[in-house]
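Peer 1: There's a structure below that I have some questions on.
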Amino acid sequence: MCNSTLLKPIKIGNKVVPNRFAVNAMEGTDADEHGNPSELTYKRYEKFFEGGSAFIDLEAITCQTECVSSNNQLCIMKENEEALTKFVKHLKAINSDNVFVFQLTHAGELGNPHFSKALRVTKEPLPGYEHAEFIDEEKVEEIMQQLVEGAVIAHNAGADGIDLKLCAGYLGSQILRPFNKHEWKYGGSWENRKQFAIDLVERIKAAVNDPDFIIGSKISLYEGFPGGQGTMGPDSAVMDLTESIDLIKTLEEHGASYILTTCGAPMHTLNLVKPSKEDPYIAYLGQYFQKVCRDNMKPETVVIGGGYSIFANGKQPNFHAVLPEKNSLLFWGDKMIQDGVTDMIALGRQSFRDAAIPKKLAEGKEDEIKWCSGCDQCSLLLITPNYTGCVTEPYYAQKIPSALEFLGIK
């Protein structure tokens, strides 16, 4: 695989990076009490930078603390700027040949009521979120300003760009999805809903005012439940990508340099987001969404596709009707790029297991790659009050009993 397409350079924005590997935005929930990177955060990202991936997405970093999904979430407010600047400088000293973006986020109705508020933009709550507080246009405007300020801080801290989180059921998804059906500035018609993304991008561009600062977005093209992104309407689960396609084109028109594709929403349709060993074939669906993006965007706009970790070394037992040597992560990543389906591949769980795939591949050490088994115990840690990482590491493995106890599982 030393001549793999995965090792060919690519241009993102105004920067050329050395390969086609990306580290997906994987939450470690290990910030310190001020929302700054902790020693654990440093260790995780040092591995990502040492591993050689060309694109690294800093996990769901919040611009406020009123409404958050994690009690140890990274924060990006004025008081965090110095710590984030130190963090970026340290990591770039390890490897500066990549693009390092911050995924700006707001939890919205996914805010954890145990330690923050849950906020919703829909008059009619999405089932299961009746507890979320309904907010008005003035509050949404305040949140947008916080996101713009977060982008400015990311730029000041030395990040190469930002990822606007329009996925995973967070606030961006909540505004864009058809279920946001009542008429208001960013609700009802698709023209109103997509205006949220347009206004946000334009305000960030004006505030940062740097042509080299990269703007892109991670997007759920289809959430897989009635009224979710990529459906026919507020009461339909039928896939209709008309709005999703228009969204990626619109973001491109307003200066997006990349789109990071995903599908599903973890709190509702988890296996769409993260194909499991029980339903591994959903990973093939992710390839379709990548092709939808690639077919509808300009060649210079980079498509980064997710959902590859489940393939691992091709020997996962629950895949059928396919030869193992033609069903590995490296096989599909190489093939999808050669076939024009995607430009890069984003690794989530696999990055926790072994972040050094690009480096090992370039050095001809493919046999030394440690493959993710798809055990999903990192996800178990994420949904409980624990720091998150691969349980093949003793530090994280010892936290599994407390996670099971928290969930009432014996």
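The values are calculated or read from the model by the stated rules, or taken from the named source; none is laboratory data. What you see is a predicted model, and the numbers here were worked out from it, not measured in a lab. Here Cβ is always computed from backbone atoms with ideal geometry, including for glycine, and neighbour counts include all displayed protein chains.
Peer 1: In segment 197-226, what residues are in a helix (DSSP H, G or I) and surrounded by fewer than 22 Cβ atoms within 10 Å (Cβ to Cβ)?
Peer 2: Going through segment 197-226, the residues in a helix (DSSP H, G or I) turn out to be 197-208.
Within segment 197-226, ILE198, ASP199, GLU202, ARG203, LYS205, ALA206, ALA207, VAL208 qualify.
Peer 1: Within segment 21-33, which residues are in contact with an Asp or Glu (Cβ under 7 Å, 6 or more places away or on another chain) and assigned to a loop (DSSP other than H, G, I, E, B)?
Peer 2: Listed by number, the residues that qualify are ASN24, ALA25, MET26, GLU27, GLY28.
Peer 1: Here's another thing I want to ask about it. So, in segment 159-193, how many residues would count as being over 30 Å from GLU81 (Cα atoms) and among the charged types (D, E, K, R)?
Peer 2: 6
Peer 1: Ok, one more. Closer than 27 Å to HIS268 by Cα and part of a loop (DSSP other than H, G, I, E, B): does that describe GLU243?
Peer 2: So GLU243 does not fit the description; no.
Peer 1: Cβ-Cβ distance below 7 Å, separation of 6 or more or different chains: which pairs start in segment 23-46 with a residue that is on the phi > 0 side of the Ramachandran plot and end on one that is among the aromatic types (Phe, Trp, Tyr)?
Peer 2: Between residues of segment 23-46 that are on the phi > 0 side of the Ramachandran plot and residues that are among the aromatic types (Phe, Trp, Tyr), the close pairs are THR29/TYR387.
Peer 1: If you go through segment 168-186 one residue at a time, do you hit one that is assigned to a strand (DSSP E or B), surrounded by 17 or more Cβ atoms within 10 Å (Cβ to Cβ) and in contact (Cβ under 8 Å) with a residue 60 or more places away in the chain? Outline the logic, then answer.
Peer 2: Here is the first cut: in segment 168-186, the residues assigned to a strand (DSSP E or B) are 184.
Now drop any that are not surrounded by 17 or more Cβ atoms within 10 Å (Cβ to Cβ), which leaves none.
No; the residues of segment 168-186 include none that is assigned to a strand (DSSP E or B), surrounded by 17 or more Cβ atoms within 10 Å (Cβ to Cβ) and in contact (Cβ under 8 Å) with a residue 60 or more places away in the chain.
Peer 1: The conditions are (1) surrounded by fewer than 16 Cβ atoms within 10 Å (Cβ to Cβ); (2) in contact with a helix residue (DSSP H, G or I) (Cβ under 7 Å, 6 or more places away or on another chain); (3) under 15 Å from ARG20 (Cβ atoms), and LYS335 fails exactly one of them. Which is it?
Peer 2: Exception for LYS335: condition (2).
Peer 1: Among the residues of segment 129-147, count how many are assigned to a loop (DSSP other than H, G, I, E, B) and in contact (Cβ under 8 Å) with a residue 12 or more places away in the chain. Before you say what the answer is, go through the steps one by one.
Peer 2: Going residue by residue through segment 129-147, those that are assigned to a loop (DSSP other than H, G, I, E, B) are 129-132, 135-136.
Going one step further and asking which of them are in contact (Cβ under 8 Å) with a residue 12 or more places away in the chain, we end up with 129, 131-132, 135.
Summing the residues that are assigned to a loop (DSSP other than H, G, I, E, B) and in contact (Cβ under 8 Å) with a residue 12 or more places away in the chain in segment 129-147 gives 4.
Peer 1: Take the residues in segment 374-403 that are of a type in the set (A, V, I, L, M, F, W, C) and assigned to a loop (DSSP other than H, G, I, E, B), then tell me which one is farthest from ALA31 (Cα to Cα). Spell out how you get there, then give the answer.
Peer 2: Of segment 374-403, the ones of a type in the set (A, V, I, L, M, F, W, C) are 375, 378, 380-383, 390-391, 397, 400, 403.
Subset that is assigned to a loop (DSSP other than H, G, I, E, B): 375, 383, 390-391.
Details: CYS375: 25, ILE383: 16, CYS390: 17, VAL391: 19 Å.
Among those that are of a type in the set (A, V, I, L, M, F, W, C) and assigned to a loop (DSSP other than H, G, I, E, B), it is CYS375.
Peer 1: What are the residues in segment 282-330 that are assigned to a loop (DSSP other than H, G, I, E, B) and surrounded by fewer than 14 Cβ atoms within 10 Å (Cβ to Cβ), if any?
Peer 2: Applying the first criterion (assigned to a loop (DSSP other than H, G, I, E, B)) to segment 282-330 yields 296-301, 306-308, 312-323, 327-328.
Once the filter is applied, which keeps residues that are assigned to a loop (DSSP other than H, G, I, E, B) and surrounded by fewer than 14 Cβ atoms within 10 Å (Cβ to Cβ), segment 282-330 yields LYS298, PRO299, GLU300, LYS315, PRO317, ASN318, HIS320, ALA321, VAL322, LEU323.
Peer 1: I would also like to ask the following. For segment 148-165, indicate whether the set of residues that are buried (at least 23 other Cβ atoms within 10 Å of the Cβ), part of a loop (DSSP other than H, G, I, E, B) and basic (Lys, Arg) is non-empty.
Peer 2: For segment 148-165, residues buried (at least 23 other Cβ atoms within 10 Å of the Cβ), part of a loop (DSSP other than H, G, I, E, B) and basic (Lys, Arg): absent.
Conditions (1) buried (at least 21 other Cβ atoms within 10 Å of the Cβ); (2) in a helix (DSSP H, G or I), marked per residue:
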| position | (1), (2) |
| --- | --- |
| GLN73 | yes, no |
| ASN80 | yes, yes |
| LYS89 | no, yes |
| LYS92 | no, yes |
| SER96 | no, no |
| PHE102 | yes, no |
| HIS114 | no, no |
| LYS117 | no, no |
| THR122 | yes, no |
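Peer 1: Test of understanding: among LYS315, LYS399, which residue is among the basic types (Lys, Arg), more than 23 Å from LYS8 (Cα to Cα) and modelled with pLDDT under 90? I'd like the intermediate steps shown before the answer.
Peer 2: Numbers: LYS315 fails: modelled with pLDDT under 90.
Going through LYS315, LYS399 in turn, just one is among the basic types (Lys, Arg), more than 23 Å from LYS8 (Cα to Cα) and modelled with pLDDT under 90: LYS399.
Peer 1: For segment 214-227, state whether one or more residues are more than 28 Å from ASN156 (Cα to Cα), of a type in the set (A, V, I, L, M, F, W, C) and modelled with pLDDT of 95 or more.
Peer 2: Among the residues of segment 214-227, at least one is more than 28 Å from ASN156 (Cα to Cα), of a type in the set (A, V, I, L, M, F, W, C) and modelled with pLDDT of 95 or more, which makes the answer yes.
Peer 1: Follow-up. May I ask you to list the residues in segment 295-334 that are at positive phi and within 19 Å of the chain's Cα centre (by Cα)?
Peer 2: Initially, segment 295-334 is screened for residues at positive phi, giving 307, 312, 314, 321.
The one that is at positive phi and within 19 Å of the chain's Cα centre (by Cα): GLY307.
Peer 1: Does ASP354 satisfy the criteria of being of a type in the set (Asp, Glu), assigned by TED's automatic domain parsing to the domain that holds ASP279, within 30 Å of GLU300 (Cβ to Cβ) and at pLDDT 95 or above? Show your work before the answer.
Peer 2: Working: of a type in the set (Asp, Glu): yes; assigned by TED's automatic domain parsing to the domain that holds ASP279: yes; within 30 Å of GLU300 (Cβ to Cβ): no; at pLDDT 95 or above: yes.
No: the conditions fail for ASP354.
Peer 1: Quick check on this structure: which one of THR62, THR41 is in the same structural domain as GLY161 (by TED's automatic domain parsing), more than 18 Å from LEU171 (Cα to Cα), among the hydroxyl-bearing types (Ser, Thr, Tyr) and out of contact with any Pro (no Cβ under 9 Å at 6 or more places or on another chain)?
Peer 2: On the way: THR62 fails: more than 18 Å from LEU171 (Cα to Cα).
After ruling out the rest, the residue left standing is THR41.
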